[in-house]
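Data block below; observations after.
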Amino acid sequence: MSGNHRLPERDRPWMMRTYAGHSDARRSNELYRGNLAKGQTGLSVAFDLPTQTGYDPDHVLARGEVGKVGVSIVSKGDMHALLDQIPLGEMNTSMTINATAAWLLGLYVTVAEENGVSRSALAGTTQNDIIKEFLARGTYAFPPGPSMRLIADTVAFTVNEIPKWNPVNVCSYHLQEAGATPVQEAAYALSTAIAVLDEVKARGQVADSDFPRVFGRISFFVNAGVRFIEEHAKLRAMGRLWEEIGRERYGVTEEKLLRLRYGVQVNSLGLTESQPENNVPRIVLEALAVTLGRNARARAIQLPAWNEALGLPRPWDQQWSLRIQQILAMETDLLEYPDIFEGSVVMDGLVDELAEGTRAEMATVAEHGGAVAAVPYMKAQLVESNRERLAKIERGEIAVVGQNRFTESEDSPLTAAEDGGILTTDPEVERERIAALEKWRSERDQAAVDEALAALAEVAADESANIMPATIAAAEAGATTGEWAGTLREAFGDYRAPTGVSGAAGKAEGNGEPLAAARAQVEAASEGIGHPIRILVGKPGLDGHSNGAEQIAVRARDVGMEVVYQGIRLTPEEIVSSAIQEDVDVVGLSILSGSHRELVPRVVELLRAEGADIPVVVGGIIPPADEAAMRDGGVAAVYTPKDFELNRIMGEIAELIAARNGNGAPRNASR
C-alpha cells in the first residue's frame, strides 16, 4: 500500500494572531504581551478611526471615536509605548491600516531603529488596500490617484529597504462583509492587485529585474463564510488565477513567487446578536474553510470573537478565539496529511465554476477601466448583492439559526454578567489622549517638526518622488498623525467615495407581502402629512461601516420614501444642518464604532436647539444599557443587529411619523 496519504512530518501551524488594540498604547501593549504569553505567534494591531483616517484626537471628527475600535496612535512616542518589551527583530506584526499606512510604517521603522533594530530585520504587513476602503470600509483619506501613489511608494520602498515586509495585503475581507458573493470577492480583490502592480510599474521606482519580487510580496487578506466548502473552493480558484496573472501579465516564472499568500479573518457579517453562543460553531466551521486543504491553507489566521455583534470583545473572549486555533492545529490531525481535496470531483468542479465566474467579472472591471476607475460600478454591485442577501434572510431562504429559525431560546449565561459580555472602553480615554497630545506638542522640537513637514509637502508636490523617506523623517522629528495627513490633504485634496445607493437596481419586488405591507404603511403616513416621507440617513463621526446605512437607504427608497443620504464622515452639525435644509420628517443615524454615546445625544441636542421637531431613530451595535439611555434622552427608536427585518423597520418608521402627526399610535420600535 502506498504511504503517500500521510506527510513524512507534521506541518507547522499557521501564524496565529488576535486582532486587538483599544484605548491607548499603554493599555494595548499590556493586551499584546498577555496574548503573546498565551501562545499567540504574531501581532495584529487594530487602530482607532482617527488614526486610520489621519486625524489627531482633538479634531472635531475624532469626537467620540478616540480609542474605540482600536488603539490611538499619534506619534513615535505612542508607538514606542505600544511596542514596549516586544522584540521587533523577531516579531511578525500585521497592521490593519490603509489610508495612513505609509505613516504607520514610518513610525514602526522609526521606533525599531531608535531601539537598535535595523529596518531590514523587520517582518510584517501593512494592509494598504485603499480600493476596498472606497468600496466597503470607508477609512480613506485622499483621492484615488494620490492614494495609489502612496501604495506604490511603500511597495517600492519596502522591496529593497524592508525585504521581509508585505507592503500590500489586498483585503477582500471587507468586500464579503459588504455583501460580495465569492465571485465578486475574488474578482475585485484580484483586480485591485493588478491595479497596484500596474501603478508600481508605471512609477518606475523598481527595476524590471526586481519586479518578480514585488509580485511575490503582494499578499491577500480574505474572508471565509460559513459555507466552508464553497469558501475553500474560492481560495483554490484565487490561487489558480493569481498564478495565471503572474505568468501571463507580469512574466513571473519562479514558483515560490507565484503562490497566493493569504491571511484571513473569518466572517463577522454572519455573527448574530440573537443567541450569540451560536457564533462559536460558526467561527470553527469558517476556520475549516482556510485550514482543511493543504494546497490552499492560510499563512496567518485571526478569528473574531463570539460577541462581536454585541460590542468590543474582552481579553477572555479573544483568548477563546485563540484557543480555537490552537485546538485545530495541535489536537486534531489536520496538519498530518497532504491535500485532502486533491482529485475531488466536487472540489475541482467548484473551483472551475468559481474561476470562470471570477474571470468574467474581472473582465467587466477591466472594461470599466480597471479597479480604480471601476469603483462606482463595483460599489453598486456590492450594495445590490447585499440587498439580495438581506432579502433572502428576511424571506427565510437563507437560514440563520437563532435569528430566523429556531428563535426560542434560554437566556444565555454568556451575557448575564454586569458587563453584558462585552468590553466597555474608559470614557476618560479621549480626554487623556487630547491631554497627551498637547503635552507631546509642547515638549518636542517644533522647528524640527516644521522643517520635516515642509519637506514632506515638497515631496508630495513632486509626483516622481517617493513619499517614504520624508515620512520617516517627519516621524523621527516628532510630527503627529494629523499633521502628516493634513500636509498631504493640502497637497492632494479631499475626496468623498460613491455610496452605491443610486446605482443599486430596484429588485426588491421579490420580497413579497412584507414589502407590500411596508409600502402601504408608508403610503398611508405620507398621505397623512401631505407628501412622501422624507428620511435623512446619516453616518456621524468616522465610522466607515456604511453597509447597514446603505441598505436602510435603499429599502426606504423601495418602500416609497424620499431618501437623503450623503455617505459617511459627517459631523452632528452637518447632519442637523442638512436635516433642516432638506425639511426631512425623520433622521436615521447608523453607528457601529461605539461612538453612539457621544454623537447621538449631540444630534438630538442640536435639533432641539434649532427648534426642529424631527424624530431620531438609531441603528448600530448598541448595548441594552446604552439603548435605554438614548431612549430616555429623546431617541424615538433603537435598532440593533438582531433587527434584520428591514420591511418591519420601514413600517415602524411610517407609524412613528403618522403618530407624531396625529394619525395613529406607534408600536414600541425598540426591541
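Quick notes on this structure:
- Inter-residue pairs, beta-carbon under 8 Å, first closer than 14 Å to Val155 by Cβ and aromatic (Phe, Trp, Tyr) and in the stretch 125-141, second modelled with pLDDT under 95 and part of a loop (DSSP other than H, G, I, E, B), 6+ apart: none
- Any chance Ala187 is modelled with pLDDT of 95 or more and more than 29 Å from Glu90 (Cα to Cα): yes
- Condition met for Thr18 (among the polar types (S, T, N, Q) and surrounded by fewer than 24 Cβ atoms within 10 Å (Cβ to Cβ)): no
- Condition met for Phe211 (under 28 Å from Thr253 (Cα atoms), touching a Phe, Trp or Tyr at 6+ places or on another chain (Cβ under 6 Å), touching a residue at least 12 places away in the same chain (Cβ under 8 Å) and not in a loop (DSSP other than H, G, I, E, B)): no
- Residue tally, condition more than 14 Å from Ala99 (Cβ to Cβ), open to solvent by less than 10 Å² (accessible area, probe 1.4 Å), of a type in the set (A, V, I, L, M) and over 14 Å from the mean Cα position of the chain (by Cα), over the stretch 42-82: 7
- Those residues of the stretch 350-392 which are outside any helix (DSSP H, G or I) and among the aliphatic types (A, V, I, L, M), in sequence order: Ala371, Val372, Ala373, Ala374
- Among (1) assigned to a helix (DSSP H, G or I); (2) open to solvent by 50 Å² or more (accessible area, probe 1.4 Å) - the single one Asn279 does not satisfy: (2)
- Ala112 vs. criteria free of Cβ contacts under 8 Å to residues at least 40 places away in the same chain and either farther than 17 Å from Ala195 by Cα or surrounded by fewer than 22 Cβ atoms within 10 Å (Cβ to Cβ) (or both): yes
- Any hit, the stretch 164-184, residues being farther than 18 Å from Ile131 by Cβ, hydroxyl-bearing (Ser, Thr, Tyr), open to solvent by 10 Å² or more (accessible area, probe 1.4 Å) and not in a loop (DSSP other than H, G, I, E, B): no
- Filter pass, Gln326 being open to solvent by 20 Å² or more (accessible area, probe 1.4 Å), under 26 Å from Gly39 (Cα atoms), touching a Lys or Arg at 6+ places or on another chain (Cβ under 7 Å) and not in a loop (DSSP other than H, G, I, E, B): no
- Residue in the stretch 205-219 that is under 26 Å from Met330 (Cα atoms) and basic (Lys, Arg) present: no
- Just one residue in the set Glu248, Glu230 is without any contact (Cβ under 8 Å) to a residue 40 or more places away in the chain and part of a helix (DSSP H, G or I); that residue is Glu248.
- Any hit, the stretch 185-199, residues being open to solvent by 10 Å² or more (accessible area, probe 1.4 Å) and of a type in the set (A, V, I, L, M, F, W, C): yes
- Test set (1) among the aliphatic types (A, V, I, L, M); (2) open to solvent by less than 10 Å² (accessible area, probe 1.4 Å); (3) part of a loop (DSSP other than H, G, I, E, B) - Val206 fails condition number: (2)
- Among the residues of the stretch 453-504, those that are under 23 Å from Ser72 (Cβ atoms) and hydroxyl-bearing (Ser, Thr, Tyr) comprise Thr471, Thr480, Thr481, Thr487.
- Across the stretch 249-259, a minimum of one residue is classified as within 19 Å of Ala371 (Cβ to Cβ) and surrounded by fewer than 20 Cβ atoms within 10 Å (Cβ to Cβ).
- Restricting attention to the stretch 22-39, the residues being open to solvent by less than 10 Å² (accessible area, probe 1.4 Å) and in a loop (DSSP other than H, G, I, E, B) number 0.
- Here Pro313 fulfils each of the conditions (1) crowded, with 21+ Cβ neighbours inside 10 Å; (2) modelled with pLDDT of 95 or more apart from (2).
- Residue list for the stretch 329-349, restricted to those being in contact (Cβ under 8 Å) with a residue 24 or more places away in the chain, open to solvent by less than 60 Å² (accessible area, probe 1.4 Å) and either among the basic types (Lys, Arg) or assigned to a loop (DSSP other than H, G, I, E, B) (or both): Tyr337, Pro338, Asp339, Phe341
- Any hit, the stretch 35-51, residues being in contact with a Leu (Cβ under 8 Å, 6 or more places away or on another chain), among the polar types (S, T, N, Q), at pLDDT 95 or above and farther than 30 Å from Glu342 by Cβ: yes
- Helices (runs of 4 or more DSSP H) contained in the stretch 41-148 and holding at least 2 residues touching a strand residue (DSSP E or B) at 6+ places or on another chain (Cβ under 7 Å) and under 20 Å from Gly544 (Cβ atoms): 101-114
The values are calculated or read from the model by the stated rules, or taken from the named source; none is laboratory data. Just so it is clear, the model here is predicted, and its values are computed rather than measured. A quick note on method: Cβ atoms are made from the backbone with ideal geometry, for glycine too, and the neighbour counts reach across all protein chains shown. Protein only, heavy atoms only, side chains kept; ligands, DNA and RNA dropped before computing areas. Shrake-Rupley method; radii C 1.70, N 1.55, O 1.52, S 1.80 Å.
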